[in-house]
Amino acid sequence: MSFMYNGNIVKNTSNTGGIRKMNYQRAVSVSRFILILLCIGLLVSVAVFGFSIGEKGMEGVFEEGTITLGLDLAGGSSITYQANTEDTGETLNTGMNSVLSVMRQRLDSQGLTEANAFRVGDDMVTVEIPSVSDPAKAAETLMATAVLTFRDYDKNILLEGNDVKSAKDFYTDSDGDGDAEYIVELTFNESGVNKFTDATKAAAQATDDNYKKIYIYMDEALISAPSVESRYAETGITGGTCIISGSFDAESAAALAGQINAGALKYTLSNVDQRTIGATLGEKSLTTSLKAGAFGIILVMLFLIIYYRVPGLMASVSLIAYMAVFAIILVVVKANLTLPGIAGIILSIGMAVDANVVIFERVKEEIKLGKSAKAAVEAGHHHALSAVIDSNVTTLIAAGVLYFLGAGTIKGFAITLGLGVIISMFSAIFLTHWLLRICLGMGISDIRFYGVNKDKTEKTRKFHFINNKKITYIIVGVVLITGLLSFVIRGFNLDIDFSGGSQLDINLGVEVTPDVCDQINSMIENNIGANYVSSTKASLTDNNVAVIRTGTAVLSIDQQQTLNESLKGAFPDANFEDVEYQSISPIIGDSLKRTAVLAVILAVVLMLAYIWYRFQLLSGLSAIICLMHDLFVMLILYSLFQIPVNSNIIAALLTILGYSINASIVVFDRVRENKTKFGAEKSFGDTVDISIKQTLARSANTSLTTLLTIGMVYIFGVDSIKNFALPIIVGLCAGLFSSLFLAGLLWVEGERIFKNRKKATK
């Protein structure tokens, strides 16, 4: 713009400074955006390829050995042993530590260096052996009572484990020279005192250094070879005690004492839980799970971008950062990744979108109220923050209960789910918000870029969720009756996790027809016993896979071998390299039942307490009733379709508990806000109805994104994970229904009843 003054053209420069400032701000925002993308790219690079600085660094997530794969992914056997003893307290603790030491020694002696052994509970030890060729033989070898022997150089046995009373490790100045060291002190019983004296006297008199040693063996593995000093040549070591010294540290001294004590204790062990999966099956599980995750992530990103546009694109960028950080943490902590753990990761990706959806929907609402995109982003983030935090805390409660009460793969699922929730909450609250601010700084402020039409129109939802309560009650009633009838008529298909027994899943190389099942049943009856009769088609996708069940009885090792030989004779094309075998004692099954019930009760109580604290008791009770409804629907599915009820049901139930309560909390948070906003202007029922409608898009979109991820798990997953994913899918749908139609309605009904009683008492 310009004007004439005294024949001269004068330019208007009043806006030049503002334009320059705007351009500068855009340049800064663009620079920040590029910097963030570079940082995220660096995170992705570190996660995939690793890094090294001098001698320090880390390997990429896909490097072999970086993340320990669970047996269900790598293949191998897991065997749990229970000690047959009446010992309790510290005596039992010491004894089980000794058993653990022996197990590790035996694993090493068999060349199973990648195997792992750890205690479970007070009186059990679990051994995990990857890629073992003969699990039955390995189980038999490991459960045999430890044999401790003291030998000379020619391997003549001088003493045995039952001659040793105890072994203790000390840090002391044993020889009085002023220098303390770690030692192991042996004490012998009456049968061992004279034997040890004679053995040490002969060793002290020897001229060959090899014969001056007493060789201590655990089974056939040499664990120590102390020399006897020449000064004992006349008398030998008397008194019933001796000291083994040398280059011990605290760990090695304790280990030797534990190994010697193990030979002395001689606990007998019972095999109470054995699981085997073929290496190829494990590899297939890993491949299909990764494929499911990739497809699920792509679909979620596409949905976010199409529906929410710029916010969806920024959420997708945050999701990439989320996955990179997740991968780096898994590498750093050297996580043990299992199949349910991968399912937990995939599920957490779907749930990670929840916080973003809550915020984005609130941003759209603020824009429709007339605010600019910039103001709407800040207001939407502020108003949605409490709902985001509350909903994620309840999921963390479920994950925490799973972690502390679960075991094995269930604990792995809890870790990945909980970790995913924490990282996703950070990415939604901070990273996505920051990225949106940068986008606004770059001048991307048109409301159409934020999922809102120019005219800001929105379809009016005439349906009333609260006033149509009869429809809701009819649906719930039908569900209730259907479930009760199914429970009575069909019952539940308890897997051996709960019932106990043995189960073999094997590809026979022929179609599993009723005639083939009859053949297997006859073979089992003739070769093993009449009590072991059950065989059916096992796989959802492969008609050649059969499952062979033994009722509640656990097959012995000899029976396992007899069954295998019989199957090899009858089905020469059967694949024995890729089998799934489980053998579980009824003791373990009963323990799992108690754990499942306790986990659900504890999670419900903790969630009720939290909702009571954050809202009020009536809303908490309403949410809990909805949870019971959702769990009831899942149990109906298990009953109607006879889905095997195994340990994974604990994870499935608590996942739905966390998810379902999330949806209810978002509605309750909006009710709390609207009660303050409307006051006495609207009835409580109308307030709740409006709140449900306001959060409807969030509920639907969150359910959709979560279903996209877990749906991919069902589509591409192996049979075991399909049976895990399907109940979750049904539970998600039930949770959507209860959060929209039931939670608010029950709260309104509760308020009405409470007010009527209050009036009646006046």
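The numbers here are math on the coordinates, done by the rules we state, and not lab data. Just so it is clear, the model here is predicted, and its values are computed rather than measured. Reconstructed Cβ throughout: ideal geometry from the backbone, glycine too, with neighbour counts over all protein chains shown.
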Q. In nanometres, what is the gap between the two model label sites at L485 and V28, each 7 Å from Cα along Cα-to-Cβ?
A. 6.9 nm
Q: Note the listed values (i) 39.0; (ii) 51.9; (iii) 36.0, then indicate which one is mean projected area of the Cα convex hull in nm² calculated from this particular structure.
A: (ii)
Q: Could you state the angle between the C-alpha long axis of helix 16-49 and the longest principal axis of the C-alpha atoms of the chain, as a value from 0 to 90 degrees rounded to the nearest 10?
A: 20 degrees
Q) Once a ≥ b ≥ c are taken as the square roots of the eigenvalues of the Cα gyration tensor of the stretch 148-265, is the result rounded (a/c under 1.5), prolate (a/b larger than b/c) or oblate (a/b not larger than b/c)? A) rounded
Q) Which of the pairs K284/K411; K165/K411; K168/K334; K411/K722; K21/K371; K291/K368 have their Cα atoms more than 30 Å apart in this structure? A) K165/K411; K168/K334; K291/K368
Q) In nm, to one decimal, how far is the F463 label point from the V478 one, both placed 7 Å along Cα→Cβ? A) 1.4 nm
Q | Förster-model FRET efficiency, 30 Å R0, N156 and T268, C-beta, rounded to 0.05 | A | 0.65
**Q.** DSSP bridge orientation in the chain - percent antiparallel, rounded to nearest 5
**A.** 95 percent
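Can you tell me the FRET efficiency between I306 and L42 if r is taken as the Cβ-Cβ distance and R0 is 45 Å, rounded to the nearest 0.05?
The computed FRET efficiency comes out at 0.95.
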Q | Table column - 3J(HN,Hα) (Hz), the stretch 151-157, Karplus curve with 6.51, -1.76, 1.60, x for Gly and Pro | A | 10, 8, 4, 8, 6, 6, 6
Q | Label point distance in nm, D518-N93, each placed 7 Å from Cα along Cα→Cβ | A | 6.0 nm
Q | Theoretical gain in end-to-end length, L35 to H382 [0.36 nm per residue, Cα-Cα removed] | A | 122.3 nm
**Q.** Zone of S230's modelled label, taken as backbone nitrogen in the stretch 202-216 under 19 Å from a point 7 Å along Cα→Cβ
**A.** 202-214
Q) What FRET efficiency comes out for the pair D122/D249, r = Cβ-Cβ distance, R0 = 30 Å, nearest 0.05? A) 0.60
Q. Taking the Cα centre of the chain as origin and charging only Cβ (+1 Lys, Arg; -1 Asp, Glu), how large is the dipole, in debye to the nearest 20?
A. 6640 debye
Q: Working from Cα positions, state the angle (0 to 90°, nearest 10) between the long axis of helix 719-737 and the longest principal axis of the chain.
A: 30 degrees
Q) Roughly how tilted is helix 373-405, in degrees to the nearest 10 and between 0 and 90, from the longest Cα axis of the chain? A) 20 degrees
Q. Residue-wise, which Karplus ³J(HN,Hα) couplings in Hz belong to the stretch 95-104, taking 6.51 cos²θ - 1.76 cosθ + 1.60, θ = phi - 60°, and x for glycine or proline?
A. x, 5, 5, 5, 4, 4, 4, 5, 4, 5
(Q) Please list 3J(HN,Hα) in residue order for the stretch 83-92, calculated via the Karplus relation 6.51 cos²θ - 1.76 cosθ + 1.60 where θ = phi - 60°; whole Hz, with x for glycine and proline. (A) 6, 8, 7, 9, 4, 9, x, 5, 4, 5
Q) In terms of modelled amide H atoms, which long-range or inter-chain residues lie less than 5 Å from the amide H of S166? A) T187
Q) So what is the 222 nm mean residue ellipticity for the chain from helices alone, if each DSSP H run of at least 4 adds -39500 (n - 2.57) and you divide by all residues, rounding to the nearest 500 deg cm²/dmol? A) -20500 deg cm²/dmol
